[in-house]
Amino acid sequence: MSTTKWTRAIAPGITMPMLAFGTYRLRGETCRDAVRDALRCGFQHVDTASVYGNERDVGEALRACHREVSERIFVTSKIAPSEMRSEEEAAAAIAGVNERLGRTPDLVLVHWPGRDKESPDSERHRDARRWTWRALENALKMGQCRAIGVSNYELSHLRELLQFCDVKPAVNQIELHARFPQTELRAFCESVGVHVVGYSPLGVGALLDDDRVKAYAATIGLRPAPALVRWTLSMGASVVVKSSAAERTEENFTAISDLDDDFVHEAAEKLETAFASERVKFCWNPSSVR
Ligand SMILES: NC(=O)c1ccc[n+]([C@@H]2O[C@H](COP(=O)([O-])OP(=O)(O)OC[C@H]3O[C@@H](n4cnc5c(N)ncnc54)[C@H](OP(=O)(O)O)[C@@H]3O)[C@@H](O)[C@H]2O)c1
């Protein structure tokens, strides 16, 4: 299994491992154990967020392993909608990420294209996005992170950002799997040089029992979970997958097994086509955020 093949340059001088371990809903000892297991399996990228309430656990788990291992682990975190009320508040939030992790995050994202406690059509989201991005650009200048990006941004949010940003977002982290392939958004991101990171590749587990997924997995010679993770990779996107169990995390890591990429891509496209009339989004939906 080659891990070096699965990296992507996302910003000048910044290379990101494409397979990330997700930590949503993992806290305390469960989180620390799960991150430790993921690193032991070979994951080199950990995804956390201010709203997950586990950045301290992630930082602790990283510090518990050998220094030369922890130093090369790539960490993504995210600024919460509740931290977007002013540029000062967003700046403080980034400082908070550094403090809780106990290290500089590699990548910091705007988690959601709007602030909390506002209706989706509120005009305040636009201002919140703008000053939060300014705070991220400043944090990048000050060395409080190595790259900056967004998450759950739709076409309209990205177009707006690209008009005023000084630093282009390195990535857009979005829900992405065979039942929600985000074809138009992915093509746009590619055209403007924003790398796509897909989350919930297993449809939060819901896709695993589907017979079409099982058939696709058998075709490419992987178990259903890693086959779905590979589906996202085969679309050219990075991927974040989560498990609280060491054996499932180990299984998920086999997604980067040496396989014929063209053969996998063809099978992955067939799976996407099989779901063409049954698109489903399993997570929160940013499409109505003005
Ligand atoms: N930016 C955003 O807004 C956003 C939104 C959602 C997620 N994310 C990130 O993406 C990560 C992954 O997404 P997700 O956690 O929503 O969903 P997911 O990775 O698609 O699925 C996780 C679910 O699948 C189960 N699972 C994992 N591996 C398995 C395996 N090999 N066999 C059987 N079941 C398996 C897990 O159960 P067990 O834990 O019991 O194994 C869990 O219930 C998150 O943890 C988070 O870091 C980001």
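Below is a table of values for the structure above.
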{"quantity": "Accessible carbon and sulfur surface of the range 89-158 relative to its total accessible area, %, 1.4 Å", "calculated": "48 percent"}
{"quantity": "Rounded percent of accessible protein surface that carbon and sulfur make up, the range 210-290, 1.4 Å probe", "calculated": "48 percent"}
{"quantity": "Loop chymotrypsin sites (Phe, Trp or Tyr not before Pro), the range 235-290 (other Cβ atoms within 10 Å of the site Cβ: 14 or fewer; DSSP)", "calculated": "TRP284"}
{"quantity": "Calculated P(r) tail over 36 Å for the range 16-276, as whole % of Cα pairs", "calculated": "12 percent"}
{"quantity": "Residues of type aspartates and glutamates that LYS117 reaches as a straight line, Cα spacing below 14 Å, ignoring anything fewer than 8 places off in the same chain", "calculated": "GLU83"}
{"quantity": "DSSP-defined antiparallel bridges as percent of all bridges, the range 57-210, nearest 5", "calculated": "5 percent"}
{"quantity": "For the chain, calculated [θ]222 nm from helices alone, where every DSSP H run of n ≥ 4 adds -39500 (n - 2.57)", "calculated": "-13000 deg cm²/dmol"}
{"quantity": "Label zone at LYS141, where the point sits 7 Å out along the Cα-to-Cβ direction: the range 92-131 residues whose backbone N lies under 18 Å", "calculated": "92-95, 108, 130-131"}
{"quantity": "Qualifying GluC sites (Glu not before Pro) in the range 32-127, DSSP loop, other Cβ atoms within 10 Å at most 13", "calculated": "GLU123"}
{"quantity": "Relative contact order %, the range 16-276, counting alpha carbon pairs below 8 Å whose residues are six or more apart", "calculated": "18 percent"}
{"quantity": "All aspartates and glutamates inside 19 Å of LYS141 as judged from Cα atoms, apart from same-chain residues fewer than 8 positions distant", "calculated": "GLU87, GLU88, GLU89, GLU99, ASP106, ASP166"}
{"quantity": "Computed lengthening from ARG36 to GLU118, 0.36 nm per intervening residue step minus Cα-Cα distance", "calculated": "25.7 nm"}
{"quantity": "Share, in percent, of DSSP beta bridges within the range 121-223 that are antiparallel, nearest 5", "calculated": "10 percent"}
{"quantity": "Candidate lysines for bridging to LYS270, where Cα separation is under 30 Å - those fewer than 8 sequence places away on the same chain excluded", "calculated": "LYS5, LYS214, LYS242, LYS281"}
{"quantity": "DSSP-defined beta bridges in the chain - what % are antiparallel, rounded to 5", "calculated": "15 percent"}
{"quantity": "The range 93-145: trypsin sites (Lys or Arg not before Pro) in DSSP loop, at most 13 other beta carbons within 10 Å", "calculated": "LYS117"}
{"quantity": "Pairwise label distance in nanometres, ASP258 with LYS214, each label 7 Å out on the Cα-Cβ vector", "calculated": "3.1 nm"}
{"quantity": "Accessible area (Å², per residue) of the chain, counting only protein heavy atoms and a probe of 1.4 Å", "calculated": "44 Å²"}
{"quantity": "Sites GLU99 and VAL167 - FRET efficiency at Förster radius 30 Å, r taken between beta-carbons, to 0.05", "calculated": "0.85"}
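The values are calculated or read from the model by the stated rules, or taken from the named source; none is laboratory data. Predicted model only: the values in this text are computed from it and were never measured. Every residue, glycine as well, gets a Cβ built from its backbone with ideal geometry; the counts of neighbours run over all protein chains shown. These accessible areas exclude ligands, DNA and RNA; they are computed on the full protein's heavy atoms, side chains included. Shrake-Rupley method; radii C 1.70, N 1.55, O 1.52, S 1.80 Å.
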